[in-house]
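The values are calculated or read from the model by the stated rules, or taken from the named source; none is laboratory data. Everything numeric here is computed off the predicted structure, so don't read it as measured data. For neighbour counting, all protein chains shown are included, and Cβ atoms are generated from backbone atoms with ideal geometry for every residue, glycine included. Ligands, DNA and RNA are stripped out before the accessible areas are found, and what is left, the full protein with its side chains, is counted by its heavy atoms. Shrake-Rupley method; radii C 1.70, N 1.55, O 1.52, S 1.80 Å.
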Amino acid sequence: MATISTNEFKAGVKIMLDGEPCNILENEYVKPGKGQAFNRVKLKKLISGKSLEKTFKSGESFEAADVMDVELSYLYTDGEFWHFMNNESFEQIAADEKAVGDNIKWLVENDSCTITLWNGTPIVVSPPNFVELEITETDPGLKGDTAGTGGKPATLTTGAVVRVPLFVQTGEVVKVDTRSGEYASRAQK
Amino acid sequence: MNNRSHLNWRPTADIQTLRQRAVIIADIRQFFALRNVLEVETPSLSNATVSDLHMRVFSTQFNDPMSPQQRTLYLQTSPEYAMKRLLCAGSGAIYQIAKAFRNEEAGKHHNPEFTMLEWYRPDFDHVQLMNELDELVQLIFGCEPSYRMTYQQAFKDYLSLDPLSTSLAELQKRGCTLGYEHICRDEQDKDTILQLLFSHEIEPKIGIQRPCFIYNFPASQAALARINLQDERVAERFELYYKGIELANGFHELANVHEQRQRFNADNDQRLAANLPPVTTDALFLAGLESGLPNCAGVAVGIDRLIMLALDKTKIAQVITFDYQNA
């Protein structure tokens, strides 16, 4: 089994900690002039998404986490699983609700998503930074508002609710930033 | 397309910083010249090295033209043993600004090769030497005089625990509740837990406005300091902290050769227990002690860190010409 020592820790390295794969974000070396050296490490638990800070004795080793990111196209959901396909090999893979999480509302058919696999199983599904979705419901806007100040809530086909400018109407397709959940623009026709 | 043009050949410190660094080093030399402390130079390479469990040493092979055998030489981790031999030989007060080398140390506040100021004062104890170091740092930083706290008091003030009497089990428990269960739940060495708590829970909180001396470390962390005659649970060792950074380590120096030999042996026992090779003790240093080290105190100051703080920088790479990654 591959092991990783604290002196190999750097941003992006994946280790197993308390049974959960973790991504190293930052690693700081702390050593008194006389005495034990430590590594103060910021890491992110990949399943729960929690960030935490941990201190290890320098030189301690950890099991490497078999984690990789793959780019896959979203196909469809059967209600229990969300299905993705590799566009080159046509291999399909199914992610459960836990892996999809809150990103359910940003999944658009044929969009390319980043799927994080742990031992071959999807644990995180990340949508593209921008998705285009149709508005299914929003109040008719006030006439003459073109600057987009204030805005109003709009419900999209996936159930996501975003604030849009008053001039945007039901039936239009809008571009949304999935990282902030904010309206970016009307989609290019 | 020439790839070399993409290499970052520039120094990690800017030229203006290097000018300011030179002024600080000149001020330090002036400080000792005014006090009649003699500047000396001792070898960077020596035949023996330190036994400290936590010190990793660089070594190299010397092809001696006068001998068929290769000889192992060690880069010094500090000039301590050689300077003490000068004291034994009657040098009187001495100082040195020298490169020191420590393997496996790198980070914001560590470079494997760094500049150290070390000085020794015959007839001083650790309290008198703290006074002199205080004067030096006031000169460099233009700061207020430092304050002092015993190691025991620092733990009492910041963690409400007595580092000298608390049991291992209790320390493990405290370490766990403070968020260090990963290390503390099974750690069998009290000093490791104390060093963890000190560096993570106390160090960031002391010496913020003005420098802070911590003194009378536990006897188990004496290194080369004398044990206090009134309270043998503590050693006459001090450290200086400023703005969350450890700057200096000093001792009322152990002069007793038998005790020194015992400490070397104890270090080697610890090394064996930790699966590290034992270190051949420095016979020349011990022979010097045998002939008599004058009553003295000595201190080592990390010059790169001192300059980093004086110039409001955050990494020592910003105050040295080239850090190890682009040396």
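Can you give me the ranges of the strands (runs of 3 or more DSSP E) entirely in the range A:105-173 with at least 2 residues that are open to solvent by 80 Å² or more (accessible area, probe 1.4 Å) and modelled with pLDDT of 90 or more?
A:130-138, A:161-164
For the range B:172-190, indicate whether the set of residues that are in contact with a Cys (Cβ under 6 Å, 6 or more places away or on another chain), among the polar types (S, T, N, Q) and at negative phi is non-empty.
yes
If you go through the range A:38-73 one residue at a time, how many are assigned to a loop (DSSP other than H, G, I, E, B) and touching a helix residue (DSSP H, G or I) at 6+ places or on another chain (Cβ under 9 Å)?
5
Just checking, how many residues over the range B:92-118 are modelled with pLDDT of 95 or more and open to solvent by less than 40 Å² (accessible area, probe 1.4 Å)?
Qualifying residue count for the region: 18.
Show me the helices (runs of 4 or more DSSP H) found entirely inside the range B:167-211 where at least 2 residues are away from chain A (no Cβ under 13 Å) and touching a helix residue (DSSP H, G or I) at 6+ places or on another chain (Cβ under 7 Å). Spell out how you get there, then give the answer.
Details: elements: B:168-175, B:181-184, B:190-197.
Answer list for the range B:167-211: B:168-175.
I'm checking my understanding of the structure. Among residues of the range B:286-325 that are assigned to a helix (DSSP H, G or I) and touching a Ser or Thr at 6+ places or on another chain (Cβ under 7 Å), which one is farthest from B:S78 (Cα to Cα)?
Taking the candidates together, the pick is B:Q318.
What residue, of B:S146, B:S67, is away from every other protein chain (no Cβ under 14 Å), without any contact (Cβ under 8 Å) to a residue 12 or more places away in the chain and among the hydroxyl-bearing types (S, T, Y)?
From the options B:S146, B:S67, the qualifying one is B:S67.
Which of (1) modelled with pLDDT under 95; (2) open to solvent by less than 70 Å² (accessible area, probe 1.4 Å); (3) farther than 21 Å from B:A106 by Cα is the odd one out, the single condition B:A222 does not satisfy?
Status for B:A222: all satisfied but (1).
Return the residues of the range B:106-149 that are out of contact with any helix residue (DSSP H, G or I) (no Cβ under 9 Å at 6 or more places or on another chain) and more than 26 Å from B:Q20 (Cα to Cα); say none if nothing qualifies.
B:D123, B:D125, B:H126, B:V127, B:Q128, B:L129, B:Y147
When residues of the range B:259-318 are filtered for being farther than 19 Å from B:L53 by Cα, open to solvent by 40 Å² or more (accessible area, probe 1.4 Å) and among the acidic types (D, E), how many remain?
Matching residues across the range B:259-318 total 2.
I need a count of the residues in the range B:14-63 that are β-branched (V, I, T), more than 20 Å from the chain's Cα centre (by Cα) and closer than 28 Å to B:A89 by Cα.
Matching residues across the range B:14-63 total 1.
Output the number of residues of the range A:11-37 satisfying the condition of being within 12 Å of another protein chain (Cβ to nearest Cβ) and either within 21 Å of the chain's Cα centre (by Cα) or part of a strand (DSSP E or B) (or both).
Adding up the residues that qualify gives 6.
Go through B:L229, B:L254 for me and flag whichever is exposed (fewer than 14 other Cβ atoms within 10 Å of the Cβ) and either more than 20 Å from the chain's Cα centre (by Cα) or farther than 16 Å from B:M55 by Cβ (or both).
Values: B:L254 fails: exposed (fewer than 14 other Cβ atoms within 10 Å of the Cβ).
Just one listed residue meets the conditions, B:L229.
Are any residues in the range A:45-58 in contact with a strand residue (DSSP E or B) (Cβ under 6 Å, 6 or more places away or on another chain) and not basic (K, R), and if so, which ones?
Hits for the range A:45-58 are A:L46, A:I47, A:S51, A:E53, A:T55, A:F56, A:S58.
Filter the range B:149-166 down to residues that are polar (S, T, N, Q), surrounded by 14 or more Cβ atoms within 10 Å (Cβ to Cβ) and either within 12 Å of chain A (Cβ to nearest Cβ) or not in a helix (DSSP H, G or I) (or both), then give me how many there are.
Our first condition is that a residue be polar (S, T, N, Q); within the range B:149-166, this holds for B:150, B:152-153, B:160, B:165-166.
Going one step further and asking which of them are surrounded by 14 or more Cβ atoms within 10 Å (Cβ to Cβ), we end up with B:150, B:152-153, B:166.
Keeping just the survivors that are either within 12 Å of chain A (Cβ to nearest Cβ) or not in a helix (DSSP H, G or I) (or both) gives B:150, B:166.
Residues in the range B:149-166 being polar (S, T, N, Q), surrounded by 14 or more Cβ atoms within 10 Å (Cβ to Cβ) and either within 12 Å of chain A (Cβ to nearest Cβ) or not in a helix (DSSP H, G or I) (or both): 2 in total.
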